[in-house]
Amino acid sequence: MKNLISQLAHRHILVIGDVILDEYIIGKATRISREAPIPVLEFESRRLIPGGAANPAANITALGSYATQVSVVGADDFADQLRNILKARGIITDGIITDATRPTTVKTRIMAQMGLRFPQQVARLDRLSRQAIDESISKQVITFVQNQLKQVDALLFSDYRSGLLTSQVVEAIRTACEHHLLAVDAQGDLDKYAGFSVMKCNAQEAETYLRRDLQTDEDFASAAKELQHRLKLTCGMMITRGSQGATFAPADSEAFHCPAPLVSDVYDTVGAGDTSIAVLTLALVAGANVQDAVMLANFASGLVVRRVGNYTPSPEELHRAVDMWG
């Protein structure tokens, strides 16, 4: 497993999806407002973190590989801030296209510092458009991806259902990629990615798609295998199950279950799925068997849930995770 961690570096992944600027405004809770039953926060700090499809890209570069981001942003200050943050993390931003008709997606979280280890979220305000991108932007996205194919090892789709990954865009890219690994976190929109290499969804998304409850390991094994077969995935289907680990159905063998690491201090599950699909993709590109790839993705996710907000584990942290949980 430790040898596999070093092999995650020096790959090049094209990450396609809806990028988000995650804004955290942190204040100290001092009293209850006289105007409404809410805490009054005195401003302490502001943090900007890449979110959405930018988070898998950030995980990829944190592990020593290259990530080229393909997305659409607005013509606004938030887009400039997001590009600067991505560049600071080593992410190639040439594939980020500006569309002046839509805003850059920003999710603002108001966080209250109350003497605990991490601040607690009080409210969230989203700025976004879910309208599908128009034909001219679609052509720019498709053309950019086609021109990058000779330089990349795999394509990772991160669908936050904010208008970029239309059926037209996905189909055009899938048709152009005959020999690349195609990985996707479909966020419930599973049918659109039929014929891909590997797909990840969570337990709730699998239940919704299959229209049945999933409780036991056997339930999830059957569900993962059904999804792999129905969606014609050439590598396999992974269903993440939070504290219950993950179930993976390879295309050429029976489904198996990987337990989650024993994490006692879970603070936030935000970003764990992004880390999981990023590590899984890198491990498969590196030639790992699917059992090791899924287990390493589980370990990486276990590191993320111990932090607030999106977090990108380093190779050194993954080494310690193997020692701690392996």
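Calculated FRET efficiency, GLU226 to ASP292, Cβ-Cβ distance, R0 = 30 Å: about 0.80 to the nearest 0.05.
Positive contributions from Lys and Arg (+1) and negative ones from Asp and Glu (-1), summed over other residues with Cβ under 11 Å from the Cβ of GLY52, come out at -3.
Shape annotation for the stretch 47-129: C-alpha extents along the principal axes are 42, 35, 16 Å, from largest to smallest. Under 5 Å between amide hydrogens, built in the peptide plane, is the criterion, and for PHE157 it picks out ILE16, ALA183, VAL184, ASP185 among residues at least 5 positions away or on other chains. Pairwise inverse Cα distances across the stretch 1-66, averaged and inverted, put the Kirkwood hydrodynamic radius at 15.1 Å.
Computed from backbone phi, the HN-Hα couplings of the stretch 125-138 come to 10, 10, 10, 6, 10, 9, 5, 5, 5, 7, 5, 5, 5, 4 Hz, rounded to whole numbers (Karplus: 6.51 cos²θ - 1.76 cosθ + 1.60, θ = phi - 60°; Gly and Pro given as x).
With a ≥ b ≥ c taken as the square roots of the eigenvalues of the C-alpha gyration tensor of the stretch 189-259, please select rounded if a/c is under 1.5 and otherwise prolate if a/b is larger than b/c or oblate if it is not? Could you put the intermediate results ahead of the total?
On the way: a/c = 1.68, a/b = 1.25, b/c = 1.35.
Since a/c reaches 1.5 but b/c is at least a/b, the shape of the stretch 189-259 is classed as oblate.
Across all directions, the shadow cast by the convex hull of the stretch 273-314 built on its C-alpha atoms averages 2.6 square nanometres.
Setting aside same-chain residues fewer than 8 positions from LYS107, which lysines have a Cα under 22 Å from its Cα? Output for LYS107: LYS28, LYS87. Computed from the C-beta positions of ARG130 and ARG212, the FRET efficiency with R₀ = 25 Å rounds to 0.35.
For the pair ALA9 and LYS150 in one chain, pulling the backbone fully straight at 0.36 nm per residue adds 48.9 nm over the alpha carbon distance.
A full extension of the chain between ASP189 and GLU42 corresponds to an added length of 48.9 nm, given 0.36 nm per residue minus the alpha carbon distance.
Compactness ratio for the stretch 172-213: Cα radius of gyration over 2.2 N^0.38 Å (N = residue count) comes to 1.29.
Among beta bridges from DSSP that stay inside the chain, the antiparallel ones total about 45%.
The Cα-based radius of gyration and maximum Cα-Cα distance (Dmax) for the stretch 156-293 are 14.4, 45 Å. Normalised by residue number, the volume inside the convex hull of the Cα atoms of the stretch 53-206 is 145 Å³ per residue.
On full extension, the segment bounded by VAL122 and THR234 gains 36.0 nm, given 0.36 nm per residue less the C-alpha separation.
Taking 27 Å as the straight-line reach from the Cα of LYS225, the lysines in range (excluding those fewer than 8 positions away in the same chain) are LYS192, LYS200. Judged by the mean number of other Cβ atoms found within 10 Å, the most tightly packed of the peptides 243-251, 3-11 leads the ranking 243-251, 3-11.
Of the peptides 221-229, 53-61, 119-127, the ranking by mean beta-carbon count within 10 Å, highest at the top, reads 53-61, 221-229, 119-127. Set the Cα radius of gyration of the stretch 116-213 against 2.2 N^0.38 Å, with N its number of residues, and you get 1.31.
Structural descriptor for the stretch 53-129: relative contact order 27 percent, calculated from alpha carbon pairs under 8 angstrom and at least 6 residues apart.
For the stretch 29-65, the list of trypsin sites (Lys or Arg not before Pro) that fall in a loop by DSSP and count at most 10 other C-beta atoms within 10 angstrom reads ARG34.
In the chain, helices alone account for a calculated mean residue ellipticity at 222 nm of -10500 deg cm²/dmol, with every DSSP H run of four or more residues adding -39,500 (n - 2.57). For the stretch 139-146, the Karplus equation 6.51 cos²θ - 1.76 cosθ + 1.60, evaluated at θ = phi - 60°, returns couplings of 5, 5, 4, 4, 4, 4, 4, 4 Hz by residue, with Gly and Pro reported as x.
Summing charges over all other residues whose Cβ lies under 13 Å from the Cβ of VAL145, with Lys and Arg as +1 and Asp and Glu as -1, gives +1.
Laboratory data are not the source of any read-out in this text; all were calculated from the coordinates shown. Keep in mind that what you see is a predicted model, and the values were worked out from it rather than measured. Neighbour counts run over all protein chains shown; Cβ positions are idealised from the backbone, glycine included.
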